[in-house]
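The values are calculated or read from the model by the stated rules, or taken from the named source; none is laboratory data. Model, not experiment: these values are computed from the prediction. FYI the Cβ positions are ideal-geometry reconstructions off the backbone, even for glycines, and counts take in every protein chain you see. Remember, those area values only see protein heavy atoms, side chains included, never the ligands or the DNA or RNA. Shrake-Rupley method; radii C 1.70, N 1.55, O 1.52, S 1.80 Å.
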Amino acid sequence: MDFSSPAAAPTLMNWSGGKDSALALYHALQNPALHLTDLLTSVNKHYQRVSMHGVRVELLEAQAQRIGLPLTKLELPEMPDMAEYEQQMRATLAPLQARGITHAVFGDIYLEDLRQYREKQLAQIGLKAVFPLWKRPNSELLREYLQLGFRAVVVCVNEKYLDQSFCGRLLDEAFLRDLPPGVDSCGENGEYHSFVFDAPYFSHPIAFERGEIVRRTYQAPASTTSVCPPTDDEAVQSDPFATGFWYCDLLPR
């Protein structure tokens with residue numbers, strides 16, 4: 001697929017493979033001021049899975065192939081501290097900037113501290129952050145997600161908010177109806193993560209099988225603050241590792 005536009009700014013998409021980044025990419029592709037050239041995804045170097053989502057790299061690569069954009073993987077250790085994360089991010093972005101990248105798209109919706117962090121870090125190296133979904137109501141985003149024909153499966157849930165039964169389900173109207181009170185329907189506080197297997201700009205859907213569901217906990221880095229996304233939940237802010245996560249393994253087919 002050719003996303004070229006000579007008058008537009010060369011732009012990379014920070015691609016998690018989930019619902020929000022997929023919808024943000026959809027809007028970025030409609031923006032004549034942006035020329036989408038690359039996908040960038042953080043990957044656990046040891047396990048070769050998408051960071052926090054737990055999706056196999058093979059499925060991440062299948063998404064990139066169906067989108068038609070080259071994929072750059074930021075390979076990180078299990079729990080990098082902020083200094084290590086920022087150093088590796090700058091090193092990964094350097095060759096992309098050398099090719100002319102000037103903008104970076106994110107799927108964030110309303111976490112102010114996370115947006116400010118991204119804008120500050122990118123400004124230091126001369127890049128501009130773009131947030132196509134910013135401050136849009138959850139109900140509007142989810143209605144659009146469904147109407148446009150996106151399809152996704154929930155691959156990770158934080159057990160502080162959701163029990164194991166939500167993991168591995170399709171992200172559809174039934175899933176959204178079943179969410180407990182107080183859970184952000186878009187999962188903006190890290191309540192759940194998803195894997196998009198079909199999208200309006202995919203050449204064809206991704207075939208997969210659901211594998212086992214496993215529970216994992218994480219140990220905080222010994223040195224400095226981790227790169228886990230900020231959250232408005234005070235208990236999680238004080239100790240973001242005092243919880244478990246359920247993961248549904250997806251197997252390429």
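Can you pull the three principal axis extents for the Cα set of the chain, in Å, largest first?
Over the chain, Cα extents along the principal axes are 48, 43, 35 Å.
What value, in deg cm²/dmol to 500, does the helix sum -39500 (n - 2.57) over DSSP H runs of n ≥ 4 give at 222 nm once divided by the residues of the chain?
The per-residue figure over the chain is -8500 deg cm²/dmol.
For segment 185-207, list residues with backbone N below 18 Å from a point placed 7 Å from the Cα of LYS135 toward its Cβ?
none
Could you do me a favour and compute the accessible area per residue for the chain, 1.4 Å probe, result in Å²?
46
For GLY211, what residues show an amide H to amide H distance below 5 Å, using hydrogens built from the backbone and excluding near sequence neighbours?
Amide H neighbours of GLY211, under 5 Å, 5+ apart: ASP249, LEU250, LEU251.
Å³ per residue of the Cα convex hull, for segment 1-138?
Convex hull volume per residue, Cα atoms: 110 Å³.
Can you give the extra length, in nm with one decimal, that the chain gains between MET82 and LYS128 once fully stretched, where that is 0.36 nm per residue apart less the Cα-Cα distance?
Contour length minus the Cα-Cα distance gives 14.5 nm.
For segment 99-180, which whole-number percentage of the solvent-accessible area (1.4 Å probe, protein heavy atoms only) is attributable to carbon and sulfur atoms?
On segment 99-180, the fraction of accessible area on carbon and sulfur atoms equals 48 percent.
Where both partners of a DSSP beta bridge lie in the chain, what percent of those bridges are antiparallel, to the nearest 5?
The answer is about 55 percent antiparallel.
Label-point separation (nm) for TYR47 and ASP172, each offset 7 Å from Cα along Cα-to-Cβ?
2.7
Given a Förster radius of 35 Å and the C-beta distance between ALA94 and LEU148 as r, what FRET efficiency does 1/(1 + (r/R0)^6) yield to the nearest 0.05?
E between ALA94 and LEU148, to the nearest 0.05, is 0.50.
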